[in-house]
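*Asks:* Sharing a structure here in C-alpha cells format.
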Amino acid sequence: MQAPHRLSAEKVLEHHETSFQQGLSTSAATRLLGVYGPNELIEKGKKKPWRILLAQVKEVMILILLAAVVVSAVLQEYIDAIVILVIVVLNTVLGFWQEFKAENAMAALKKMTVPHVRVRRDGAEQQISAKDLVPGDILLIEAGNIVPADARLISAANLKVQEAALTGESESVDKDTGALPDGDLALADRKNMTYRGTVVTYGRGEAVVTGTGMQTELGKIATLLQDVEDEQTPLQRRLAKLGRSLAMAAGLLIVIVAGMIYLQGAGVKEMFMTAISMAVAAIPEGLPAVVTIALALGAQQMLKKKALIRRLPAVETLGGVTVICSDKTGTLTQNKMTVSDVVLPDRRYSLAEVAAEHGADADLGLLLLTGTLCNDAVIDENTPNGTLGDPTEGALVLAAQQAGLVQRDLQTLLPRVRELPFDSERKRMSTVHALSPPSQGTTLHPVLAAAVQQGQADHLVLTKGATDGLIEVCGRILINGAIQPLSEKKKAALSAENAAMAKSGIRVLGLAYRLMTVAELDQPAHYEQDLVFLGMACMLDPVRPEAIESVRLCKQAGIRPVMITGDHPLTAVAIAKTLGLTTSDTVLTGQDLDKMTIDALSARIKAVSVFARVSPKHKMAIIDALQAQHEVVAMTGDGVNDAPALKSADIGVAMGITGTDVSKESSDMVLLDDNFATIVAAVKEGRRIYDNIRKFVRYILTGNTGEIVVMLTGPLVGMPLPLLPIQILWINLVTDGVPAVALGFEDAEHDVMNRPPYDPQEGIFARGLGLQILVMGFIIGLMSVGTGYWFWDGGAGSNAWQTMVFTMLTFCQMAYALCVRRRTQSLFTKSWLGNPMLLLAIGITLTLQLILIYVPFFNIVFRTTPLRPAELGVCAVGALVIILIAESRKLFLRHKQH
Ligand code: ATP
C-alpha cells in the first residue's frame, strides 16, 4: 500500500478491510492481534537480569573479595578461599534477588498505567487496553490522549496535536482529514495522520489505525532512544557519597592496622588478610540494596492504599512533603454534581419546580436545551451518576430530562455541526447547531422560530461556562421572552447574584446562545461574540467526608493543604472552609497572579491557601513561589495542560479515574481513586519508609563502627587479630544484612503524623544520628574486645577468646536491632512483637551463630571453638547491657518530651 497519508480515507479503510461505522469485528481484531502482536514498544530501558547481576559483581567490595579468594588460593589457604567465595556468591545472589524484586515491582507498577483507549468494534464504542490495538481499528481520540498508534484521520473536530516526541516541534499542529497525494511529505506535514506518542492538545477525532507497536514511526526510532538511567533518591545519592568517603577512610585504616600488625611481627599473608577484613568492616556494602528494597516495598504498600508510584524516588520524597496543592473538584469534593436551582434573569426555579414546569416556561426550556446540547455527557443508566462523561455536564443533561427535554431527540432536531471544546483557559464551551424550520409536533422558543421563519438565521450557537467570563462576551439578555441589551449595570447585578450563590459553595454555570448564518460557520472566533445571556444553573458538589479528616491530619503533621481550582473564588473559599482548610477569606485568583511577580507571590504565598479561577499555567507560578520558600510541593493535575506543573512539582500527582493520559505520563504518582485522602495516606507511608531507612542506616553503621573499634583496639592492647577475615565477612553480610532488611518492614511510629516534616535538606546523620552511631558503635566494640581480652590466654593456643569476640558482637547487634525499632518508644511494651519479620531475622541470625560455634564442621571453617554455657552467658549479659543502655537513652528522651 502507498503511505496512508497519500490515500483517501476510504482507500485506507478498504485496505484494512474495516468500516468507519462498524469498525473491526472482535474476531477479526483477535486474529490481527495474532498477526501483528501487541501494540508495545520493545523497551530498551528495562534492566535485564544479567545486567543486574553484572552490576552486583562490579561492586568494588565484591572485586576486593574476589581478589582475596585468589590470593588465599595462591597462599594455599584453601578453606579461606572457599569460604570467602561462598560468601561472595551468597551475597551476590542476595543482592541480585533484592534488586530484581525491586525492579520487577516497579515494572509491574508501570504496567498498571498502560492507558485504555476508545475504539469502535462490532459497531459499538468500546474501551480496550492500548496494547490490544490492531491495524484497522477505528480509534477515537480527544484532548488529553497520548496517541496510542499511528492512524489515518477520518474525522477531526478542531483537532490539534503536539508532535514534539517525533518532530521536536512543541507548538501543536492542526489536523484534518483530506488526502495529501503529492510529494514525499515530512512527518510534521502529514496533517491527516496522527502518530504514536504524540499528544492531543485540543478537539477530537476519529482515525483508522495503520501501524502498531514497533511498526509505528515512534517504534522505528525507539531503538535510538537512550537507555534510561536509574534515578537515585537524594538519600541514595548521599549514601553513595558516604560509601565513597568510607572507602577512603577504610584505605587509611588499612594502612594503619597493617602497619601495626607488621610491627608485631606478622607475615605478609596475615597483613593482607587483615587489610581485606578492614575494608569489609568499614564499607557498608549491604546498605544501597537494602534502601532500594525498602523503597520498592514502600511503593507496594502505597499501591494497597490506592497510590500508584511511577518513580521510585517519589517514595522517599513523599515523606518530606510540606505543601499539598490539590484540585478541588473530584479530589476534595465528590464530583457528584446535581443541579439544585435554575436562575433566569427575573425568576428562579428549584429542581422540583423545573420538573413541574415541563415546557410551560419557554425561557427555561431554552436554557435547559442549551445545557443539554452544549454538552458531551450522555445518559447511561449503568453508571452510578446515571450519566457518562463530565459530571458537571451530566447534571445538566439530567436536569433537562426531568423537564421532559430528551437530549437525543434534541440532537436530531438541532444537529451539532461545529464546536469549540471546553478548555480551562476560557472556562467555557460552545457548540454550533444547524437550525431548520421545526417540523410538526416540535416547538422551538419563539425567538428562534421567528428568526428561522424570517430567514435571518440558519445556525444556533450554544454556550455554557463560568458566569463571570461568559457575561463579558454577552451583549444581550433574554428577559421574559424578549431580548434586551445587556447594560453594564445589569452585568454588575448578574455578577453580584453569581457571587452570592458562589459564597454558599455552589458551582454556578452561565448559559447563553446566539443566532448565526452559514457565512460565519468557518469563523470560530465569531461564535462567542455578542451572545444572548439566558441564565444560570446552580450545582451542588458535596465535599468528600474523608477529605475533612485528611485536611486535619495534614495540619497536625505540619503539612499545608492548598486548594487550586478553576472555580469561582467564593465557591472555592466556601468549600475550603467546610473542609477546614482555611478560616480566612483570603483567596488569590488567576488574574491576581497574572499581575504578580514570583517574588511578590513568594512573599505572600505562606498566607494563602486558596487559589481560584486559575488555569494550568498558574500552577507553575505557584510551584515556583513555594519552592522559592524551600517547600517540598505535591501538586495534583488531571488536564492536558497540567503536564509541566506535574513535572516541576516535587511530587506530581495525577488522577487515575478522570486524569488524561498526558497528566499520568508526567506524574510521579497516580491516585487510583482521585482522592485527596490517598495523597495524605501516601505521605504517611513515605514518612514511615524514610524513618525505617534511618533505622537500618543506624543499625548497619553502628555495627560497622563496632567492628572497626574491635579491629583497631585489639592490636593496640597487644592482642592478635581479634576477628578473622571470614568472621568479619560473616558479621558484615549476615549479622548486619538480615535484620536490616527486616527493619524495612517496621510499622509507622505512633507519632509519624504528629510531627512536622523533616527539613528536606537534612543529611543522613541529621538530628544527632552520627554521634549516636559512634557512641553506640564504640560501646559495642569495646565490650566485645574487652571480653576477648578478659578470656584471652595470652597466646596459649585456644581461640575460645576469639569466638567470644565474634559471638559478643553478634549478640550485641541483635539486641541493638530490637532497640532501633522505635525512636523513643520503649522496647518493653507489647508492641515489641509488632514486627514478626525482625524477630524471625534475629532468630535466624542467632541460630546460625550457634551453628557456627557448635557444629564441628564450622569450627574448622570459621576457626571457632564451642563455648561453655558460662561463656555464652557472658555474651547474653553483654546483649542485656546494650538493651539497658539504649533503653535508658529512650527513657531520658521520653522524659524530656513531657
Ligand atoms: P478544579 O480545578 O478544582 O478541578 P474545576 O472543575 O472548577 O475545579 P475547571 O475544570 O478548570 O476547574 O473549570 C473551571 C470553570 O469552568 C468551572 O468553575 C466552570 O465554571 C467552568 N466549567 C467547568 N466545566 C465546564 C464544562 N464542561 N463546560 C463549560 N464550562 C465548564
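The values are calculated or read from the model by the stated rules, or taken from the named source; none is laboratory data. All of these numbers come straight from a predicted model, not from anything done at the bench. Neighbour counts run over all protein chains shown; Cβ positions are idealised from the backbone, glycine included.
*Asks:* Going by the structure shown, is Ala607 out of contact with any Lys or Arg (no Cβ under 9 Å at 6 or more places or on another chain), part of a strand (DSSP E or B) and more than 28 Å from Lys160 (Cβ to Cβ)?
*Replies:* no
*Asks:* If you don't mind, another one. Check every one of the helices (runs of 4 or more DSSP H) wholly within region 439-550 and list those with 3 or more residues that are assigned by TED's automatic domain parsing to the domain that holds Leu396 and either over 22 Å from Leu396 (Cα atoms) or in contact with a His (Cβ under 6 Å, 6 or more places away or on another chain) (or both). Walk me through how you get there before you give the answer.
*Replies:* Numbers: elements: 446-453, 467-472, 488-502, 524-527.
Here the list reads 446-453, 488-502, 524-527.
*Asks:* Do we find that Thr331 is at negative phi, assigned to a helix (DSSP H, G or I), surrounded by 16 or more Cβ atoms within 10 Å (Cβ to Cβ) and under 29 Å from the mean Cα position of the chain (by Cα) in this structure?
*Replies:* Numbers: at negative phi: yes; assigned to a helix (DSSP H, G or I): no; surrounded by 16 or more Cβ atoms within 10 Å (Cβ to Cβ): yes; under 29 Å from the mean Cα position of the chain (by Cα): yes.
So Thr331 does not fit the description; no.
Yes/no per residue for (1) acidic (Asp, Glu); (2) at pLDDT 95 or above:
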| residue | (1), (2) |
| --- | --- |
| Leu534 | no, yes |
| Asp541 | yes, no |
| Met563 | no, yes |
| Ala621 | no, no |
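*Asks:* Give me the pairs: first residue in region 711-732 and over 16 Å from Val86 (Cα atoms), second residue at pLDDT below 85 and of a type in the set (Asp, Glu), beta-carbon distance under 8 Å, and six or more apart or on different chains, which are they?
*Replies:* Filtered contacts from region 711-732: Leu721/Glu270.
*Asks:* Can you find even one residue in region 861-878 that is within 48 Å of the chain's Cα centre (by Cα) and more than 24 Å from Gly777 (Cβ to Cβ)?
*Replies:* Checked against the condition, which is being within 48 Å of the chain's Cα centre (by Cα) and more than 24 Å from Gly777 (Cβ to Cβ), region 861-878 yields no hits at all.
*Asks:* Would you confirm whether or not region 872-888 contains a residue that is within 25 Å of Arg687 (Cβ to Cβ) and surrounded by fewer than 18 Cβ atoms within 10 Å (Cβ to Cβ)? I'd like the intermediate steps shown before the answer.
*Replies:* Taking region 872-888 first, the residues within 25 Å of Arg687 (Cβ to Cβ) are 886-887.
From what's left, surrounded by fewer than 18 Cβ atoms within 10 Å (Cβ to Cβ): 887.
So far as region 872-888 goes, yes, one or more of its residues are within 25 Å of Arg687 (Cβ to Cβ) and surrounded by fewer than 18 Cβ atoms within 10 Å (Cβ to Cβ).
*Asks:* Confirm whether Ser609 is more than 25 Å from Pro756 (Cβ to Cβ), touching a helix residue (DSSP H, G or I) at 6+ places or on another chain (Cβ under 7 Å) and either among the polar types (S, T, N, Q) or in the same structural domain as Ala296 (by TED's automatic domain parsing) (or both).
*Replies:* It is false that Ser609 is more than 25 Å from Pro756 (Cβ to Cβ), touching a helix residue (DSSP H, G or I) at 6+ places or on another chain (Cβ under 7 Å) and either among the polar types (S, T, N, Q) or in the same structural domain as Ala296 (by TED's automatic domain parsing) (or both).
*Asks:* Same structure again: Spot the failing condition for Ser663; the list is (1) touching a residue at least 24 places away in the same chain (Cβ under 8 Å); (2) more than 22 Å from Arg426 (Cβ to Cβ), and only one is missed.
*Replies:* (2)
*Asks:* Any idea how many residues of region 662-697 are buried (at least 22 other Cβ atoms within 10 Å of the Cβ), more than 26 Å from Arg822 (Cα to Cα) and not hydrophobic (A, V, I, L, M, F, W, C)?
*Replies:* 6
*Asks:* Related question: Is it true that Val342 is buried (at least 24 other Cβ atoms within 10 Å of the Cβ), away from the ligand (no atom under 15 Å from the Cβ) and at pLDDT 90 or above?
*Replies:* yes
*Asks:* Listed residues Thr658, Thr636, Thr678; which is part of a strand (DSSP E or B) and either more than 30 Å from Asn835 (Cα to Cα) or touching a residue at least 12 places away in the same chain (Cβ under 8 Å) (or both)?
*Replies:* Values: Thr658 fails: part of a strand (DSSP E or B); Thr678 fails: part of a strand (DSSP E or B).
Being part of a strand (DSSP E or B) and either more than 30 Å from Asn835 (Cα to Cα) or touching a residue at least 12 places away in the same chain (Cβ under 8 Å) (or both) holds for just one of Thr658, Thr636, Thr678, which is Thr636.
*Asks:* Which residues, taken from region 73-128, are in a helix (DSSP H, G or I), under 33 Å from the mean Cα position of the chain (by Cα) and among the acidic types (Asp, Glu)? So that I can check it myself, show each step before the final result.
*Replies:* Narrowing region 73-128 to residues in a helix (DSSP H, G or I): 73-74, 78-111.
Filter once more, so that each one left must be under 33 Å from the mean Cα position of the chain (by Cα): 91-111.
Result: Glu99, Glu103.
*Asks:* Between Arg613, Arg544, Arg560, which is under 28 Å from Pro644 (Cα atoms), away from the ligand (no atom under 16 Å from the Cβ) and in contact with a strand residue (DSSP E or B) (Cβ under 8 Å, 6 or more places away or on another chain)?
*Replies:* Unique residue meeting the criteria: Arg560.
*Asks:* Search region 365-380 for residues being more than 18 Å from Leu531 (Cβ to Cβ) and among the aliphatic types (A, V, I, L, M), and hand back the single one that is surrounded by the most Cβ atoms within 10 Å (Cβ to Cβ).
*Replies:* The selected residue is Ala377.
*Asks:* Oh, and also: Here is a list of conditions, (1) free of Cβ contacts under 8 Å to residues at least 24 places away in the same chain; (2) assigned to a loop (DSSP other than H, G, I, E, B), and Thr586 meets all of them except one; can you say which number that is?
*Replies:* (1)
*Asks:* With the checklist (1) in contact with a Ser or Thr (Cβ under 9 Å, 6 or more places away or on another chain); (2) more than 16 Å from the ligand (Cβ to nearest atom) in hand, flag the one item Arg476 doesn't pass.
*Replies:* (1)
*Asks:* Is there any pair with a first residue in region 261-275 that is assigned by TED's automatic domain parsing to the domain that holds Thr713 and without any contact (Cβ under 8 Å) to a residue 24 or more places away in the chain and a second that is of a type in the set (S, T, N, Q) and surrounded by 17 or more Cβ atoms within 10 Å (Cβ to Cβ) whose Cβ atoms are under 7 Å apart and which are 6 or more apart or on different chains, and what are they?
*Replies:* Here the result reads none, with nothing in region 261-275 linked to a residue that is of a type in the set (S, T, N, Q) and surrounded by 17 or more Cβ atoms within 10 Å (Cβ to Cβ).
*Asks:* Filter region 727-754 for residues that are outside any loop (DSSP other than H, G, I, E, B) and touching a Lys or Arg at 6+ places or on another chain (Cβ under 8 Å); which is surrounded by the most Cβ atoms within 10 Å (Cβ to Cβ)? Steps first, answer last, please.
*Replies:* First pass over region 727-754, keeping only residues outside any loop (DSSP other than H, G, I, E, B): 727-735, 737-743.
So of that shortlist, the ones also touching a Lys or Arg at 6+ places or on another chain (Cβ under 8 Å) come out as 727, 743.
Working: Gln727: 24, Leu743: 26.
Checking each candidate, the answer is Leu743.
*Asks:* Among Glu497, Glu528, which is the only one that is away from the ligand (no atom under 12 Å from the Cβ), over 34 Å from the mean Cα position of the chain (by Cα), touching a residue at least 24 places away in the same chain (Cβ under 8 Å) and at negative phi?
*Replies:* Exactly one residue qualifies, and that residue is Glu497.
*Asks:* A follow-up question, please. Specify the residue that is farthest from Gly843 (Cα to Cα); the eligible residues are those in region 705-726 that are in a loop (DSSP other than H, G, I, E, B) and hydrophobic (A, V, I, L, M, F, W, C).
*Replies:* Among those residues, the one meeting the criterion is Val717.
*Asks:* Assess whether Leu581 counts as being within 13 Å of the ligand (Cβ to nearest atom) and outside any loop (DSSP other than H, G, I, E, B). Give the steps one after another, and end with the answer.
*Replies:* Values: within 13 Å of the ligand (Cβ to nearest atom): yes; outside any loop (DSSP other than H, G, I, E, B): no.
Here the answer is no, as Leu581 does not meet what is asked.
*Asks:* Related question: Could you say whether any residue in region 762-770 is of a type in the set (A, V, I, L, M, F, W, C) and in a helix (DSSP H, G or I)?
*Replies:* There is at least one residue in region 762-770 that is of a type in the set (A, V, I, L, M, F, W, C) and in a helix (DSSP H, G or I).
*Asks:* Within region 501-523, take every residue that is within 16 Å of the ligand (Cβ to nearest atom) and surrounded by fewer than 16 Cβ atoms within 10 Å (Cβ to Cβ) and give me the one that is farthest from Ser350 (Cα to Cα).
*Replies:* In this case the residue turns out to be Lys503.
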